[in-house]
Amino acid sequence: MIKKNLKALVIAPHPDDEVLGAGGFIRKITEQGGSVDLLIVTGSGEGVHPIWPPKSWKISKSETKRAANILGIDNIFYSNLPAAILDNYPNYKINKSIDFVIKKVDPELLIIPYHHDLHIDHYKVSYASLVASRPYLNVDNKLRKIIAYETLSETNLFPSIINNSFSPDLYVDITETIKFKIEAMKQYESQCQSDLMPRSPKAIESLAHLRGTFIGVSHAEAFITLYEKII
């Protein structure tokens with residue numbers, strides 16, 4: 001059972017990562033009376049983005065809002081750091097932007113991307129999230145648990161000999177909410193792929209079914225527990 005009135009913050013490097021990694025869990029939290037806020041870390045950045053035109057960011061914001069409505073997300077925050085080039089962006093600015101939202105939301109549960117995803121933005125966001133939520137800084141806030149999600153097309157693409165593979169220790173039954181996860185992903189028309197690609201409704205359903213077999217249910221999402229405080 002999910003704790004009554006649980007307050008969670010999901011941190012997504014890019015629009016749609018929140019759905020891919022934790023869409024079913026998000027909907028489960030909100031259905032059971034909890035609240036979920038979302039931080040989208042990247043966007044166009046300052047000035048002209050070197051890869052994507054301004055129009056693409058307007059589209060992605062609209063898609064995020066539609067997906068959030070389906071999942072029951074309360075608030076969406078945008079850091080608007082430059083997507084796909086965070087490796088050339090100062091760490092302290094990434095840390096500061098994430099720290100600001102964590103303090104503003106003051107969640108009990110923090111859900112972040114996996115540290116060893118292939119996409120450098122995911123690594124940078126994961127690192128900054130951990131910097132902002134260091135246990136000894138959490139004396140006066142509500143944060144009790146941090147978990148990492150897996151993202152189709154990014155997680156486990158590094159060979160294990162280079163980086164640690166995603167080895168979950170926490171599974172959430174999303175049998176009743178998988179349909180909302182898939183519907184939310186369909187709102188990201190600019191990101192959805194064909195059935196033979198990872199960011200497709202079929203791949204999402206397949207991974208959820210595979211994770212479900214680990215705990216004997218139809219569909220599940222998997223996470224790694226990074227920190228938990230029991231008081």
Exercise. Take the Cβ-Cβ distance between Lys142 and Asp169 as r, set R0 to 25 Å, and report the resulting FRET efficiency rounded to the nearest 0.05.
Key: 0.65
Practice problem: Using all C-alpha to C-alpha distances in region 68-176, build P(r) with 5 Å bins and read off the rounded percent in each one. | Solution: 2, 10, 18, 21, 21, 18, 8, 2, 0
Quiz item: Restricting the count to DSSP beta bridges whose residues both fall in the chain, what percent are antiparallel, rounded to a multiple of 5?
Solution: 30 percent
Exercise. Determine ³J(HN,Hα), in whole Hz, for all residues of region 49-62 in sequence, where each value follows from phi through the Karplus function 6.51 cos²θ - 1.76 cosθ + 1.60 and θ = phi - 60°; x replaces Gly and Pro.
Key: 6, x, 10, 10, x, x, 4, 5, 6, 5, 5, 5, 5, 5
Quiz item: How many nm separate the modelled label positions at Asp87 and Lys229, each set 7 Å beyond the Cα in the direction of the Cβ?
Solution: 3.4 nm
Quiz prompt | Under 14 Å from the Cα of Lys4 - aspartates and glutamates, other chains or at least 8 residues apart | solution = Glu31, Glu108
Quiz prompt | Long-range HN-HN contacts of Val36 with modeled amide H, under 5 Å | solution = Ala8, Asp74
Practice problem: Along each of the three principal axes of the Cα atoms of region 3-116, give the extent in whole Å, ordering the values from largest to smallest. | Solution: 44, 28, 26
Exercise. Give me the distance between the Cα centres of region 1-39 and region 191-220, rounded to whole Å.
Key: 18 Å
Quiz item: For region 1-134, what's the relative contact order in percent, using C-alpha pairs closer than 8 Å and at least 6 residues apart?
Solution: 31 percent
Quiz prompt | Whole-Hz ³J(HN,Hα) from phi, Karplus 6.51 cos²θ - 1.76 cosθ + 1.60, for region 16-22, glycine and proline x | solution = 4, 4, 5, 6, 4, x, 8
Quiz prompt | Beta bridges by DSSP in region 104-231, antiparallel share as percent, to the nearest 5 | solution = 65 percent
Practice problem: Anything over 30 Å Cα to Cα? Flag those among Lys142/Lys202; Lys104/Lys124; Lys3/Lys179; Lys7/Lys181; Lys96/Lys186; Lys3/Lys93, in the order listed. | Solution: Lys142/Lys202; Lys96/Lys186; Lys3/Lys93
Quiz item: Using the Kirkwood radius built from alpha carbon pairs, what does the Stokes-Einstein equation give as D for region 116-214 at 4 °C and 1.567 mPa s, in µm² per second?
Solution: 82 µm²/s
Exercise. Only helical DSSP H runs with n ≥ 4 go in: add -39500 (n - 2.57) per run for the chain, normalise by residue count and round the 222 nm mean residue ellipticity to 500 deg cm²/dmol.
Key: -11500 deg cm²/dmol
Quiz item: Using a 1.4 Å probe, what is the accessible area per residue for the chain, in Å²?
Solution: 48 Å²
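The values are calculated or read from the model by the stated rules, or taken from the named source; none is laboratory data. Remember, it's a predicted structure, so these values are computed and weren't measured experimentally. Cβ coordinates were reconstructed from backbone atoms using ideal geometry, including for glycine residues, and neighbour counts include every protein chain displayed. The accessibility values were calculated without ligands, DNA or RNA, using every heavy atom of the protein model including side chains. Shrake-Rupley method; radii C 1.70, N 1.55, O 1.52, S 1.80 Å.
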